[in-house]
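Heads up: the structure comes next, in structure tokens.
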Amino acid sequence: MTGSTAIAFAIGLPLFGTLLVMLNHRYPNIREAITLLTATCLLLIVVGMLPEITSGAQPELILFDMFPGLPIAFKVEPLGMLFALVASGLWLVTSVYSIGYMRANKEERQTRFYAFFAISLSSVMGIAFSANMMTLFVFYEVLTLSTYPLVIHKEDKDAIAGGRTYVGILVFTSVAFLLLGVVWTWFLTGTLDFTPGGILKGKADGPVIGLLLFLYMFGTGKAALMPIHRWLPAAMVAPTPVSALLHAVAVVKAGVFTVIKVIVYIFGVDLLSVTAEANWLIYIAGATIIIASLVALRQDNLKRRLAYSTVSQLAYVIIAAAILTPISVMAAALHIAAHALGKITLFFAAGSIYTAAHKTEISQMNGIGRRMPWTMGAFAIGALSMIGLPPTAGFLSKWYMLHGALDSAQWFPVGIIFLSTLLNTAYFVPIIYRAFLRPEDVVPVHEHGEAPIWIVLALTTTAAGTVLLFFMPGVAFDLAQQLAGAAK
Amino acid sequence: MIAAHLPVLQIVLPLICAPVCMLVRHRDWSWSVALFASWASLAMSWMLLQQVLTTGTVSYALGNWSAPFGIEYRVDLINAYVLLIVSAIGAVVVPFARASVKAEFGTNRVYFFYTSYLLCLTGLLGVTITGDAFNLFVFLEISSLSSYVLIALGRDRRALMASYQYLVMGTIGATFIVIGIGLLYAETGTLNMVDLAERLAHRPSSRTIGAAFAFLVVGISLKLALFPLHLWLPNAYTYAPSMVSAFLAATATKVAVYVLLRFLFSIFKVKLSFGIMPLDNILLVLAVIAMFAASAVAIFQKNLKRMLAYSSVAQIGYMVLGISFANVNGLTACILHLFNHALMKGGMFLALGCIVYRAASVNLDDLAGIGRRMPLTMAAFVVGGLGLIGVPLTVGFISKWYLVLGAMDRGWWPVAVLILLSSLLAVVYVWRVVEVAYFSPVPPNAPAIEEAPPAMLIPTWVLIGASIYFSLDTELSVGVANKAALQLLGGGG
């Protein structure tokens, strides 16, 4: 399969899967099988593209012109490849998990769930492979709309309200800020193609660059920079597989992916390092890291604590990119993969606890590690990755982040990274301590052991992946390094 | 042979079919006559557009009496584009009308309905195609009078009042227009548009010309429903039969915008309209107010037709904003939005027509859970709504892009921001409908409602589908709009 055909298939296959899922509404087993099959095929297609990318090629696919001179076009570059790998791999795992979760909790409207999941993955592939900012914007908006039915899945009052916040914030930021930035960029440069070294050099002076950066960073609501982060905790009304999708597979990753892409390929690392008006980004990102961690400390609801942890971790990616050295950009890319694996494990664990024990608050979880050793073991690994300790993937990306910051003698990010590591420890370790070392005091409604096998299978896979990525970072590392090369 | 006489055939065919409809008293036969006339008009507009694109402006002397004494039909790019819009909407709406009119209007005297519709179509096509200022007024009156009849035929008792209100305001508007034309005639001695343009260019600006300009702009703005002269629109669209709302929402105001473009750019030309008269600032302020105020009012409407009516006032604000920029991107946005809005709004009103057909109400309170019972209809409505917001992959996005670019070209940065902020208001009123239609439980004593019949769904989805298709393949819509904009700015036409 040639590169451009692979791109077309990667985007089209999940849509085809959606159709088949909807047609098999009455046959749940066939429907689930289709989801798994589609996810597997997508993963194979994406993996199949890998050799071409690692050898330095960048397959392209140009479709029609949306505006004269602005085509819907795709081009696979290292960062996009990394994102696509993470998303497609985790879709397969999440599908396995979803089957277990949705069936065990006897959720309604499962067809709609699987259908829109697939559409969301298709838009993610579109974002990952986009060759210009217009294509990315189109798929970015489609992603917002296709995840809405997933967020409001339960259709109760809280879900609808949460959905409103979700769509409200994301659409507001993307229209009022991001679209304005995109049109402005087009107006200034006459192109929106992602180009190594950026397209804005010499086209605008300092204050305009600073303002444009503001529009892009706050326009990318999915990256959850404070104060645009509110949609993330609001989206916790969704069932856990959706939270896993939002936080690890698709939505937030699309956000920070866009951030890195814009910094490296629209502005250019060099341009930003000499523009003083762009310095605010590192401080806002740093503040987000710390404030989100502080808020996380105070949450008793497990999913909410994880939500704020995500806000904090996303800001890691942004701050790494904002350090503006090749190594830190590499670290940012690595962290996309590392955080995805770690966070999805944590969310799977949270869903597992809800399914088996119907518990949602951390204060109820004393002693649960003895009943659910696999779940809490996986949780512990995920937590270690968030904190950034070996032998988990989170350690790798943090190491390179520090490396990059120290190299360019930027002490602010160094301080932030140290402080936040302490804070991460403060809000994750107590959960593990409670689970394993405290006696059970909140008696569960009924006796329970581990969660259903599908769920346990999924979370052990991702936990293993987190550790594996530490020992064999191979592919992720190579792609990240290639990106760093483009950022020079 | 036909090709040479296309311009006059475009008018004569629907005009002759109107009395034929009257004579053919049977309900379905009169519908067939209307259908034939609409589809034939579409074919002719398409052929005319192709002619203009290949050979340039088409000029036709009525009765072989040459201009400036005879009436000339003059088709350049902007006309051909608007002719296509009007006839296309007509061609899609008439198949829909068959079932819809039966339900809303009863079976008595349906032929009156189709006769009025054909006269309205003739009038609108005539306004668009003519190159003579007084002839324009005549056709404008034909289309207005027949639309008053069409609106009054609505089932609700307030339809008559709404039609009367429109009649009063519309007549004021038309009177202003004819006064303006009269003043121009007094000043220049000609009624032919090309001749007028030439003679006005050579005259020093006088009070007569200024007065003519003012009367014309105000009169046309009333027909256009530019804030604050839009007061007739909400009632007219709400109480008219569904097919009429769809047709008028998609055509009448578009034709009025065309008339404004014709007078401002071809006759008075940019130097007078925007240089000497401060029209850019006036239109800018009114347009921005329309965009925000009308959208805000739409948010609070429970009657979905009224909500869409206010939304139309806001969308007309966008078109007029494009005119106020007086640059290529702004005009392209305006002309493009004539096409795009016709597709979206036409489709959404047709979807409401489907709902009226089954549920007999368009009040949000009565429509809880309707998304589940009429999935295809509500899906069409939602896609149209996404277009109003300006989501990519809908035509609304394309229009917004050009509009924002136009603002940036002009250097009016705050306006660019305002355009984007106002589209966010649409999110609120569209999402309200989504939540009620899909996520509200169906009340236990609600009557059983099923999906609308294919005869009504297909026209709805033709328009909505087009609103998605033309966001991907913009060659026709944007290409012609762009060329037309350049032609207008060059003072051509």
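The values are calculated or read from the model by the stated rules, or taken from the named source; none is laboratory data. Given the structure is predicted, the values throughout are model-derived calculations rather than measurements. Cβ: placed from backbone, ideal geometry, glycine included. Neighbour counts: every protein chain shown. When the accessible area is computed, the model is the full protein with side chains, heavy atoms only, and any ligands, DNA or RNA have been set aside. Shrake-Rupley method; radii C 1.70, N 1.55, O 1.52, S 1.80 Å.
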Out of the stretch A:155-165, which residues are crowded, with 21+ Cβ neighbours inside 10 Å and more than 11 Å from chain B (Cβ to nearest Cβ)?
A:Gly162
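With respect to B:Ala201, determine if the residue is open to solvent by 60 Å² or more (accessible area, probe 1.4 Å), part of a helix (DSSP H, G or I) and more than 30 Å from B:Met291 (Cβ to Cβ). If you could, list the steps in order and put the result at the bottom.
Values: open to solvent by 60 Å² or more (accessible area, probe 1.4 Å): yes; part of a helix (DSSP H, G or I): yes; more than 30 Å from B:Met291 (Cβ to Cβ): yes.
It is true that B:Ala201 is open to solvent by 60 Å² or more (accessible area, probe 1.4 Å), part of a helix (DSSP H, G or I) and more than 30 Å from B:Met291 (Cβ to Cβ).
For the stretch A:382-397, which residues satisfy the criterion of being assigned to a helix (DSSP H, G or I) and surrounded by 24 or more Cβ atoms within 10 Å (Cβ to Cβ)? Full working, then the answer.
Going through the stretch A:382-397, the residues assigned to a helix (DSSP H, G or I) turn out to be A:382-387, A:393-397.
Those that are assigned to a helix (DSSP H, G or I) and surrounded by 24 or more Cβ atoms within 10 Å (Cβ to Cβ): A:Gly382, A:Ala383, A:Leu384, A:Ser385, A:Met386, A:Ala393, A:Gly394, A:Leu396, A:Ser397.
Does the stretch B:370-388 hold any residues that are within 11 Å of chain A (Cβ to nearest Cβ) and surrounded by fewer than 23 Cβ atoms within 10 Å (Cβ to Cβ), and which are they?
The answer is B:Arg372, B:Val382, B:Val383.
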Which members of the stretch B:183-202 meet the condition of being small (Gly, Ala, Ser) and under 16 Å from B:Val259 (Cβ atoms)?
B:Ala197
Can you pull out the residues in the stretch A:435-465 that are open to solvent by less than 60 Å² (accessible area, probe 1.4 Å), within 20 Å of A:Arg371 (Cβ to Cβ) and part of a helix (DSSP H, G or I)?
A:Ala435, A:Ile455, A:Val456, A:Ala458, A:Leu459, A:Thr460, A:Ala463
Which is open to solvent by 10 Å² or more (accessible area, probe 1.4 Å), among the hydrophobic types (A, V, I, L, M, F, W, C) and in contact with a Lys or Arg (Cβ under 8 Å, 6 or more places away or on another chain), of A:Val86, A:Val47?
A:Val86
Filter the stretch A:139-154 down to residues that are within 10 Å of chain B (Cβ to nearest Cβ) and open to solvent by less than 30 Å² (accessible area, probe 1.4 Å), then give me how many there are.
6
Regarding the stretch B:157-165, can at least one residue be identified that is modelled with pLDDT under 90 and over 21 Å from the mean Cα position of the chain (by Cα)?
yes
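Mind checking which residues of the stretch A:170-192 are hydrophobic (A, V, I, L, M, F, W, C) and more than 11 Å from every other protein chain (Cβ to nearest Cβ)?
Keep residues of the stretch A:170-192 that are hydrophobic (A, V, I, L, M, F, W, C), which gives A:170-172, A:175-180, A:182-184, A:186-188, A:192.
Result: A:Leu192, single match.
One residue is enough: does the stretch B:452-470 have a residue meeting the conditions within 8 Å of chain A (Cβ to nearest Cβ) and either over 24 Å from B:Val86 (Cβ atoms) or open to solvent by 10 Å² or more (accessible area, probe 1.4 Å) (or both)? Break it down stepwise before answering.
At the first step, the residues of the stretch B:452-470 found to be within 8 Å of chain A (Cβ to nearest Cβ) are none.
Checked the stretch B:452-470: no residue is within 8 Å of chain A (Cβ to nearest Cβ) and either over 24 Å from B:Val86 (Cβ atoms) or open to solvent by 10 Å² or more (accessible area, probe 1.4 Å) (or both).
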Among the residues of the stretch B:71-100, the number that are open to solvent by less than 10 Å² (accessible area, probe 1.4 Å) and of a type outside the set (Ser, Thr, Tyr) is 16
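More than 17 Å from A:Ala8 (Cβ to Cβ) and within 14 Å of chain B (Cβ to nearest Cβ), is that true of A:Pro68? Even if it seems obvious, please write down each step before you answer.
On the way: more than 17 Å from A:Ala8 (Cβ to Cβ): yes; within 14 Å of chain B (Cβ to nearest Cβ): yes.
Yes.
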Is it the case that some residue within the stretch A:363-373 is open to solvent by less than 10 Å² (accessible area, probe 1.4 Å) and without any contact (Cβ under 8 Å) to a residue 60 or more places away in the chain?
no
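Are any residues in the stretch A:72-112 within 14 Å of chain B (Cβ to nearest Cβ), touching a helix residue (DSSP H, G or I) at 6+ places or on another chain (Cβ under 8 Å) and not in a helix (DSSP H, G or I), and if so, which ones? Let's see the steps before the verdict.
At the first step, the residues of the stretch A:72-112 found to be within 14 Å of chain B (Cβ to nearest Cβ) are A:72-73, A:108-109, A:111-112.
Those left that are additionally touching a helix residue (DSSP H, G or I) at 6+ places or on another chain (Cβ under 8 Å): A:72-73, A:111-112.
Within the stretch A:72-112, A:Ile72, A:Ala73 meet the criteria.
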Subset of the stretch A:60-75, residues surrounded by fewer than 16 Cβ atoms within 10 Å (Cβ to Cβ) and free of Cβ contacts under 8 Å to residues at least 12 places away in the same chain, comes to A:Leu63, A:Phe64, A:Pro68
Within the bounds of the stretch A:113-126, is there any residue that is more than 14 Å from chain B (Cβ to nearest Cβ), surrounded by 20 or more Cβ atoms within 10 Å (Cβ to Cβ) and farther than 26 Å from A:Lys261 by Cα?
yes
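Go through the residues of the stretch B:405-412 one by one and say whether even a single one is part of a loop (DSSP other than H, G, I, E, B), small (Gly, Ala, Ser) and over 24 Å from the mean Cα position of the chain (by Cα).
Residues of the stretch B:405-412 that are part of a loop (DSSP other than H, G, I, E, B), as a first pass: B:411-412.
Those left that are additionally small (Gly, Ala, Ser): B:411.
Filter once more, so that each one left must be over 24 Å from the mean Cα position of the chain (by Cα): B:411.
The answer is yes; a qualifying residue exists.
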Selection from the stretch B:398-418 of residues that are crowded, with 24+ Cβ neighbours inside 10 Å and either within 11 Å of another protein chain (Cβ to nearest Cβ) or farther than 18 Å from B:Ser295 by Cα (or both)
B:Ile398, B:Lys400, B:Trp401, B:Tyr402, B:Leu403, B:Val404, B:Gly406, B:Ala407
Across (1) in contact (Cβ under 8 Å) with a residue 12 or more places away in the chain; (2) closer than 29 Å to A:Ile127 by Cβ; (3) among the small types (Gly, Ala, Ser), B:Gly353 clears everything bar (2)
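A quick yes/no check of all residues on (1) buried (at least 22 other Cβ atoms within 10 Å of the Cβ); (2) under 22 Å from B:Ile78 (Cβ atoms); (3) of a type in the set (Phe, Trp, Tyr):
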{"residue": "B:Leu261", "(1), (2), (3)": "yes, yes, no"}
{"residue": "B:Leu264", "(1), (2), (3)": "yes, yes, no"}
{"residue": "B:Ile267", "(1), (2), (3)": "yes, yes, no"}
{"residue": "B:Lys271", "(1), (2), (3)": "no, yes, no"}
{"residue": "B:Met277", "(1), (2), (3)": "no, yes, no"}
{"residue": "B:Asn281", "(1), (2), (3)": "no, no, no"}
Where in the stretch A:302-376 are there helices (runs of 4 or more DSSP H), lying wholly inside it, with at least 3 residues that are touching a Phe, Trp or Tyr at 6+ places or on another chain (Cβ under 8 Å)?
A:302-323, A:326-357
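I'd like the full set of residues that are part of a helix (DSSP H, G or I) and more than 24 Å from A:Leu121 (Cβ to Cβ), limited to the stretch A:140-163.
In the first step, residues of the stretch A:140-163 are kept if they are part of a helix (DSSP H, G or I); the result is A:140-151, A:157-163.
Residues satisfying the conditions are A:Lys157, A:Asp158, A:Ile160, A:Ala161.
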Which condition from (1) assigned to a helix (DSSP H, G or I); (2) within 12 Å of chain A (Cβ to nearest Cβ); (3) out of contact with any Gly (no Cβ under 8 Å at 6 or more places or on another chain) is the one that B:Val391 breaks?
(1)
In the list A:Leu192, A:Leu213, which residue meets the criterion of being touching a strand residue (DSSP E or B) at 6+ places or on another chain (Cβ under 6 Å) and surrounded by 18 or more Cβ atoms within 10 Å (Cβ to Cβ)?
A:Leu192
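Considering the stretch B:107-153 alone, what residues qualify as being assigned to a helix (DSSP H, G or I), of a type in the set (Val, Ile, Thr) and touching a residue at least 40 places away in the same chain (Cβ under 8 Å)? Explain how you work it out, then say what you get.
The initial filter retains those residues of the stretch B:107-153 that are assigned to a helix (DSSP H, G or I), namely B:110-129, B:133-152.
If we keep only those that are of a type in the set (Val, Ile, Thr) as well, we get B:110, B:115, B:122, B:127-129, B:138, B:142, B:149, B:151.
Those that are assigned to a helix (DSSP H, G or I), of a type in the set (Val, Ile, Thr) and touching a residue at least 40 places away in the same chain (Cβ under 8 Å): B:Val110, B:Thr115, B:Thr122, B:Val127, B:Thr128, B:Ile129, B:Ile151.
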What are the residues in the stretch B:334-369 that are open to solvent by 10 Å² or more (accessible area, probe 1.4 Å) and assigned to a loop (DSSP other than H, G, I, E, B), if any?
B:Ala360, B:Ser361, B:Val362, B:Ala368
Quick one: in the stretch B:419-431, which of the residues that are facing chain A (nearest Cβ under 9 Å) and open to solvent by 10 Å² or more (accessible area, probe 1.4 Å) is farthest from B:Leu352 (Cα to Cα)?
B:Leu421
